Each structure stands twice: as C-alpha cells, then as structure tokens.
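First up is the structure itself, then whatever we jot down about it.
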Amino acid sequence: HVQLVESGGGLVQPGGSLRLPCAASPSLFSIYRVGWYRQAPGKERELVAHTTSGGSTNYADSVKGRFTISRDNAKKTVYLQMNSLKPEDTAVYYCNLNGPGGAWGQGTQVTVSS
C-alpha cells in the first residue's frame, strides 16, 4: 500500500517562500517519477512539476524560475521549493507518484495573500 504524506503548506504573503516536503512509503521510491500537482477552487488539477528517476525535471510555464522540485531517494522524500509566491499560486498541492494514474497524497493547502 503506497502512502504519500505532504506537509509544509500554510498562509504566506505575496513574494514569500514555502517548502513542501512529501514523504513516500515505497521501498523502490527511487525508480518512480514523482511530482506535484495543484488544484485551485473551480479549476482542474494541473501539473506543477515532476522529476524522473534519472533526475530530469519538468515545470509548468507558470512556475518556471520560481519553483524547484528535488528528491532525496535515501529519505524517500520529494520537495517543492516555492519562491516569489503569487496570489494565483493559491491552491491545494498534491504529491504524486508514477503519474496521474498512480498514487496521490491527501493534499496540503497553500494560500498566498496579504
């Protein structure tokens, strides 16, 4: 049974930063593509960023240059460092393992507001 547990969400002012960790349970974590998606009220869930087992990364255009995804295979954890946050980044952020058909975390709320 795969478990993904996100943390690190909260309220932050525009221009601020947050780091979201996601701890995963699979013993073969290192072989999987892992990523972050988000869903804002009234909108569809969208990819924010993902990283493959080989370390390559992919970002949504809206977050390029502001967000960084990284992984620590020894800790079975994937991180999303979010800088220069904007109000439009407000959403529930979900950790994902192995693509949209794979496993999901429960989500963590990020609110960017003054």
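Laboratory data are not the source of any read-out in this text; all were calculated from the coordinates shown. These numbers were taken from a predicted model, which means no experiment stands behind them. No Cβ is skipped: glycine too gets one built from the backbone with ideal geometry, and neighbour counts run over all protein chains shown.
Only residues that are more than 11 Å from Val2 (Cα to Cα), small (Gly, Ala, Ser) and under 12 Å from the mean Cα position of the chain (by Cα) were counted in region 96-114, giving 1. Among residues belonging to region 75-108 that are touching a residue at least 60 places away in the same chain (Cβ under 8 Å) and of a type in the set (Gly, Ala, Ser), point out the one that is nearest to Gln13 (Cα to Cα). My answer is Ser84.
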